[in-house]
1. Please list, ordered by chain and number, the residues whose modelled amide H lies under 5 Å from the amide H of G310; skip anything fewer than 5 residues away on the same chain.
2. How big is the gap, in Å, between the Cα center of segment 91-132 and the Cα center of segment 169-238?
3. Taking amide H atoms as placed 1.01 Å from N in the peptide plane, list the residues 5 or more away in sequence, or in a different chain, whose amide H sits under 5 Å from that of A174.
4. Net charge within 10 Å of K193 by Cβ-Cβ distance, Lys/Arg positive one each and Asp/Glu negative one each, not counting K193 itself?
5. Using a 10 Å cut-off on Cβ atoms, rank the peptides 94-105, 483-494, 288-299, 378-389 from the highest mean neighbour count down.
6. Grab the other residues whose beta carbon is less than 10 angstrom from that of S169, score K and R as +1, D and E as -1, and report the net.
7. Quick one: if you stick a label point 7 Å off each Cα along the C-beta vector at R377 and S12, how many nm between them?
8. Quick one: net charge around I135, please, counting Lys, Arg +1 and Asp, Glu -1 for every other residue with C-beta under 11 Å from its C-beta.
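Readers should treat all values here as calculations from the given coordinates under stated rules, not as data from a laboratory. Just so we're clear, the structure is a prediction, and the values are computed from it rather than from any experiment. Here the Cβ is made from the backbone with ideal geometry for all residues, glycine too, and neighbour counts use every protein chain on show.
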Amino acid sequence: MQATSASSLFQSTASLEIGLSRASKAARTSAGSQYGSPIWLGRKQEDLNALAEGAAGADGGADKVLALEVERDEGGGEVAAWVASSGGLVRRIDLETGTITHSLRAHNAPVSGLCLYPVAAGRLLLVTSSWDKSIRFWTAPSRLRSAASASKHVKASLQQVLTIKDAGSDFIKALHVLSARNQEVLLSGGSDKIVRVWDLAPLKAWAASLQDSQWLSISSTETSHAPQPAMLHAFREHTRPITCFASFAPRPGHHGPSSEGNAATSQPIHLVYSADSMGKVLELELSLQREGATSARLEVKRELVGNETGVVDLSAGWGAEEDEDENGEVRWTAELWTASHDKMARLWLPDSETAASGSGGLRAAGSSSQSGQVLGRLAPLNPSRRIEHSSYVKVVLPLAHLASHRPDPSSEALRDMLVTGETDGDLRVWHLTSQGWDQADESTEDTLAGQPTTRRTIQGEAVQAGPGARLIRTLEAHWHEVIVIRPWWRNRRGPLPDPNQEATETQEIKVEPAKANQGEWWLITAGLDGSVRRWRVADIVTPASPLEKASDVASASQNPSSIEKGAAKKADPEMTEEEERELQELMDED
């Protein structure tokens with residue numbers, strides 16, 4: 001059965017306008033550092049008329065990005081991104097040159113989950129999940145090829161180590177590895193609403209026991225005797241599909257894991273957060289028992305209430321407080337941000353007693369969503385801040401968390417900065433403020449947004465708005481929804497290599513070697529337009545100049561007349577004389 005072209009279907013005016021808008025944006029954002037130096041997974045959209053014909057359904061096709069993770073090299077820098085797409089492919093991209101160095105046919109269905117699992121020094125496993133209900137483990141290269149060799153040869157596939165078939169009864173949408181003190185587990189979740197806990201400790205022990213020659217043999221052949229991960233626990237408290245997980249890294253300055261319990265016991269308690277498509281966010285305690293038969297259990301510590309519908313992104317990290325402790329050391333506060341389809345980005349402070357007790361923070365509705373009663377042995381946690389957007393919030397990244405990853409002279413300037421992405425594909429940069437201003441929104445850029453207001457939840461309950469933010473910049477980015485945002489510590493400064501400067505046999509693309517303390521923070525974004533984009537943090541955290549604003553308005557308001565004419569010609573062809581007669585007969589019958 002052949003698929004019907006969108007141009008032959010009846011389209012609403014609003015739908016057609018979306019198609020025209022995306023086609024126009026695709027034309028002007030296809031290249032250039034001001035648009036994130038885009039890397040196209042497939043061919044960038046060149047037939048803009050066809051894109052406009054697709055109307056609201058137009059997207060990146062088989063190259064739509066569904067997941068992305070940044071890979072660290074052995075020196076601590078981050079050199080590559082692994083990108084999972086709707087066509088079943090996973091690609092490894094050199095972030096410096098934009099070259100696709102490896103391409104893997106991971107599944108025969110969309111790859112919706114992806115994570116990286118270091119199993120030993122110089123040994124990395126790629127973990128993928130899919131709509132085909134399976135989880136697969138693959139060997140990943142430990143060193144990036146040079147730009148010149150990568151331009152001559154793209155490795156067709158990586159080697160599969162093992163597969164967990166039927167790892168769920170429906171689509172598997174999220175994966176998360178918890179790795180600390182040999183308490184190695186993988187969490188998986190998806191459309192069947194179940195969080196499953198998989199034991200990775202035997203797999204890691206097996207990988208660490210191999211000689212280099214044995215590991216290389218696995219990487220070059222399809223022979224592997226890796227132990228199959230056992231399912232330790234199935235958590236069934238969610239009532240809607242699970243969308244994402246998050247956990248806290250060790251507190252800066254502490255080398256142990258972010259967990260509770262006595263390190264001498266065999267039952268450390270790890271905290272992990274799970275979210276679902278109805279807005280329920282749970283703070284879970286994972287207890288592991290390694291003595292005798294290995295076992296695990298997830299229990300709800302408390303629920304984070306306030307989201308009114310689906311949560312699609314969680315960002316957990318450490319924010320530096322302004323006041324130091326009595327020893328003159330930085331105080332670090334645990335922060336969890338959520339991005340939701342109720343058009344809100346929200347902040348929770350898990351260490352805050354006032355927010356947990358209900359005496360502080362923003363008052364939430366009686367339940368976090370319409371998905372059931374509030375869960376947990378402790379009182380629910382209310383959000384401390386929320387920022388309203390004009391459309392669904394898809395991603396959130398607090399730049400304050402970057403300082404806890406890697407101290408940098410510029411980190412102080414990032415303390416109060418937040419980046420969010422929406423369904424329009426644009427990025428918005430916020431300066432967080434607590435100077436008595438409430439509910440922030442993006443109605444006015446570069447001004448304190450939102451007077452103190454009272455808004456209503458989707459259940460109709462009046463809720464007082466909370467401390468907000470100031471929108472300082474909007475970046476025109478993807479021409480479709482932005483799906484993921486990740487930080488990238490680039491081990492060098494300066495502009496990215498010119499993509500038009502191709503390497504030859506006698507001339508390689510020159511990338512300056514990394515120097516100590518010479519790196520800087522960048523952001524990596526990816527979306528449903530099939531592109532991966534790179535943004536220098538120092539460039540985006542300053543307000544746009546009047547000249548830049550005027551230029552953005554001019555380019556965005558350009559009339560895509562050629563696109564409109566081409567799309568209209570195909571979408572609304574003139575009727576023949578016979579068709580007009582038939583239409584008139586039908587109208588007369590009525």
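1. G279, H341
2. If you average the Cα positions of each part, the centres end up 15 Å apart.
3. Residues meeting the amide H criterion: G189.
4. So the environment of K193 carries a net charge of -2.
5. 378-389, 94-105, 483-494, 288-299
6. -1
7. 4.9
8. +2
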